[in-house]
Amino acid sequence: MKKDTLNQLGNIPFTPAILSTLYPDTRQICDKARYLEQEKRIIRMKRGLYVRSSEDGAMQIPFLIANHLYGPSYVSFQSALRHYGLIPERVYETTSMTIKHSRSFDTPLGTFSYRNCGVDYFPIGIRQEQEGSDTYLIATPEKALCDLLLKTKGLNLSNTKKMESFLASDLRFEMDALETFDRDLLEQCRQHTSIKSDLISNLIHLTNNE
C-alpha cells in the first residue's frame with residue numbers, strides 16, 4: 001500500500017464510498033476503514049464519516065469538519081464570535097446552526113453541536129472562509145450574535161440597557177465592533193425570525209453606524 005494514497009483526500013471528511021475509489025480492488029471497504037483506523041491513519045467521526053488523522057499528515061480543521069458532520073449547517077454562536085476575536089474566552093465546543101433537528105456529536109476531535117432554525121432565517125449572513133485550500137461556511141459576526149441571542153434560554157433583555165449589560169459584562173463582547181455591524185443584515189435576521197425578534201431590535205438600537 002502506498003503511504004501517500006490517502007493524501008488525495010486532503011483534509012475533507014469522507015465516506016466509505018469515497019474511500020473505495022482509492023482502493024478499487026478492496027471488496028470489503030468497511031474492513032479497510034477499520035484497518036486504517038486501527039493504524040491511526042483515519043479517525044471515525046460518526047457512522048459512515050471519517051477524517052484523516054494528524055499522524056497521517058492531515059491538518060484537522062474543526063470548522064470544516066463541522067460543516068460535513070451534519071448539514072446543511074454553518075459555524076456560529078461563540079465559536080464564530082471567538083474566531084473573529086469578539087469575545088475573549090476560549091471555546092471548547094464547535095457550535096453550528098442547521099435547518100435539521102438539533103444534534104450533538106461527541107467525537108475524538110471534540111464536541112460538535114447543532115441548533116435548529118427556520119429555512120428562511122438560515123441563509124442570512126453566511127460567508128465562506130478559506131483555510132489553506134479548504135473552505136467552510138461560517139456566520140458573519142452579526143449573524144453569529146443574533147443566533148446566540150435567539151437560542152440562549154432565559155435571556156431577559158427587554159431594553160437596550162439590559163442588552164448592553166449582557167454583551168459587555170456576561171459575554172464580554174468587543175463593544176466597539178457594534179459600530180461596524182451591518183444594520184440591514186440585522187434587520188433581515190429580525191424580520192425572518194418568529195421568536196425573540198425584540199432582542200434583535202434592541203441590538204440594532206445599540207449599533208451606531210448611521
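The values are calculated or read from the model by the stated rules, or taken from the named source; none is laboratory data. As the structure is a prediction and not an experimental result, all values here were calculated from the model. A quick note on method: Cβ atoms are made from the backbone with ideal geometry, for glycine too, and the neighbour counts reach across all protein chains shown. Accessible surface areas use protein heavy atoms only, side chains included; no ligands, DNA or RNA. Shrake-Rupley method; radii C 1.70, N 1.55, O 1.52, S 1.80 Å.
Select from the stretch 172-181 the residues that are surrounded by fewer than 16 Cβ atoms within 10 Å (Cβ to Cβ) and more than 21 Å from the chain's Cα centre (by Cα) and list them in ascending order. Steps first, answer last, please.
First, the residues of the stretch 172-181 that are surrounded by fewer than 16 Cβ atoms within 10 Å (Cβ to Cβ): 172, 175-176, 179-180.
Of everything in the stretch 172-181, those that are surrounded by fewer than 16 Cβ atoms within 10 Å (Cβ to Cβ) and more than 21 Å from the chain's Cα centre (by Cα) turn out to be Met175, Asp176, Glu179, Thr180.
When you look at Phe112, is it more than 20 Å from Ser169 (Cβ to Cβ) and surrounded by 14 or more Cβ atoms within 10 Å (Cβ to Cβ), yes or no? Let's see the steps before the verdict.
Details: more than 20 Å from Ser169 (Cβ to Cβ): yes; surrounded by 14 or more Cβ atoms within 10 Å (Cβ to Cβ): yes.
Yes: the conditions hold for Phe112.
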Residue pairs meeting the criteria (Cβ under 6 Å; at least 6 apart or on separate chains; first among the acidic types (Asp, Glu), in the stretch 35-58; second part of a strand (DSSP E or B)):
Glu37/Arg44
Hey, does the stretch 154-161 have a residue that's more than 12 Å from Ser76 (Cα to Cα), exposed (fewer than 14 other Cβ atoms within 10 Å of the Cβ), modelled with pLDDT of 95 or more and not charged (D, E, K, R)?
no
When you go through Arg52, Arg34, Arg47 one by one, which is the residue that is touching a helix residue (DSSP H, G or I) at 6+ places or on another chain (Cβ under 8 Å) and within 18 Å of Thr107 (Cβ to Cβ)?
Arg52
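Just wondering, is there one or more residues in the stretch 25-38 that are assigned to a loop (DSSP other than H, G, I, E, B), open to solvent by less than 20 Å² (accessible area, probe 1.4 Å) and at pLDDT 90 or above? Walk me through how you get there before you give the answer.
From the stretch 25-38, those assigned to a loop (DSSP other than H, G, I, E, B) are 25-28; that's our starting set.
This time we only want the ones that are open to solvent by less than 20 Å² (accessible area, probe 1.4 Å), so: none.
Checking the stretch 25-38: not a single residue is assigned to a loop (DSSP other than H, G, I, E, B), open to solvent by less than 20 Å² (accessible area, probe 1.4 Å) and at pLDDT 90 or above.
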Residue in the stretch 188-207 that is least open to solvent (accessible area, probe 1.4 Å), counting only those that are within 18 Å of Ser165 (Cα to Cα) and assigned to a loop (DSSP other than H, G, I, E, B)
Thr207
Picking from Ile138, Ile87, which residue would you name as being of a type outside the set (D, E, K, R) and touching a strand residue (DSSP E or B) at 6+ places or on another chain (Cβ under 6 Å)?
Ile138
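Sort out which residues of the stretch 115-126 are free of Cβ contacts under 8 Å to residues at least 24 places away in the same chain and either assigned to a loop (DSSP other than H, G, I, E, B) or open to solvent by 70 Å² or more (accessible area, probe 1.4 Å) (or both), and write them in order of number. Step through it out loud before you land on a result.
First, pick out the residues of the stretch 115-126 that are free of Cβ contacts under 8 Å to residues at least 24 places away in the same chain: 116, 119, 123.
Correct list: Val119, Pro123.
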Within the stretch 1-20, how many residues are modelled with pLDDT of 85 or more, among the aliphatic types (A, V, I, L, M) and in a loop (DSSP other than H, G, I, E, B)?
1
